[in-house]
Amino acid sequence: MSRFVLCRPRGGLNDTLCQLAACWLYAEKFERTLVIDTTTSWMKRPLHTYFRITHSACPVIGELDDETLDQLNTLSCYPREVAGVLGEYVPVCRGPEGVFDKKTDVQLTFDFTRDYQEDVVLHERYGGGALSLNCLTRIAFQPDISKHVMSRVGQLPRNRVGMHVRHTDIQTDYMSFFDRVKSMAGDDALLICSDNFSVIDAARDILGDDRVVCSSIPPNLGGEAIHQFQGITHSDKHQLNLDMLTDLFALSLCSKLHIARLTSGGVSGFSRLAWMLHMNPKVRNQVIGDDDLLGSKDFIPERDLDRSLPIDVILNRPFKKLASVNTLYAVYCAYFSKHQDVFK
């Protein structure tokens, strides 16, 4: 009989990919089938809506449909308190503490360092980091998603400097950020990506309306994070997801990339993800997954991955000799925690 890991990631894009990667690695190590339910995450849809699986050392079920859910509910489960009710329990989020079952108060996860006798182990949690890069080595865009994203990117100026500013549930001093990077931007077009429409307006005022370009315009949600907003229709959510993926790859394909630090310290998960793809063109191109599109000069910057910025010089050299991207994420984790001062 098969044994399963049921992964229900929560949070935004980077959190989702990090939690998927953790469960994927666990399933491979302990020879389990990975069941992915991304309807609890930023996607609000099955994984296969946007991505196809390209590499896995374990069996993967990419959608928790009714038939699979019924099967899992007949099996033993850890945590035992939710055995037989995997489609009925009510999750309660308690920030850094994790996600708990409302009825029994049990935490909805398990110890990743050991195996379990139960047929199913459940993991439902937020949490970011750099493990998302591991997940991106395993998946690629669906063909229609790739064409949509790259057609939008192809409408942008070929040579552009990218800037990402997160300013909703977590804050950035974006006015000072734009002032600092203004003198460093050169003559290229300036791609501004943000989750707050006010940031776009400020960028046009400070950096010049004739130079600022956008791959998408965020909605006005009153300062609430897009992945947390409850008042979005099903179709609008899909469009916002496409906008998010377009922004991510538009940033990763810039010749230079500036990241705004959060007022609380560090950088957002989306910024981190954009930077990792920017630094790893092989992973980026594999996710895009369309050789014809990638071969077009309309999409690739003239100075692809120009290492003239201090962040690029500092961060690129130590990683040149690393053979496996699956070990690279650990090095990135250590670097981000130690050298956050390289971000603007």
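None of the figures in this text is laboratory data; all of them are computed from the coordinates on show. The structure displayed is predicted, hence computed values, not measured ones. Using ideal geometry, Cβ is built from the backbone for each residue, glycine included, and neighbour counts are taken over all protein chains shown.
Other residues within the sphere of radius under 15 Å centred on the Cβ of VAL60, judged by their own Cβ, net out at +1 (K and R +1, D and E -1). Close amide-amide hydrogen proximity is noted between LEU191 and VAL161, GLY162, MET163, VAL213, each under 5 Å apart and 5 or more residues distant or on a separate chain (H modeled in the peptide plane; Pro and chain starts excluded). Rounded to whole numbers, the Karplus 3J(HN,Hα) couplings from phi for segment 111-119 are 7, 6, 8, 9, 8, 10, 6, 5, 6 Hz, using 6.51 cos²θ - 1.76 cosθ + 1.60 with θ = phi - 60°, and x at Gly and Pro. Among HIS258, HIS55, sorting on how many other beta-carbon atoms sit within 10 Å of each Cβ, with the fewest leading, yields HIS55, HIS258. Across segment 14-133, the convex hull enclosing all Cα atoms gives 111 Å³ per residue. Listed from fewest to most Cβ neighbours within 10 Å, the set LYS44, LYS282 follows the order LYS282, LYS44.
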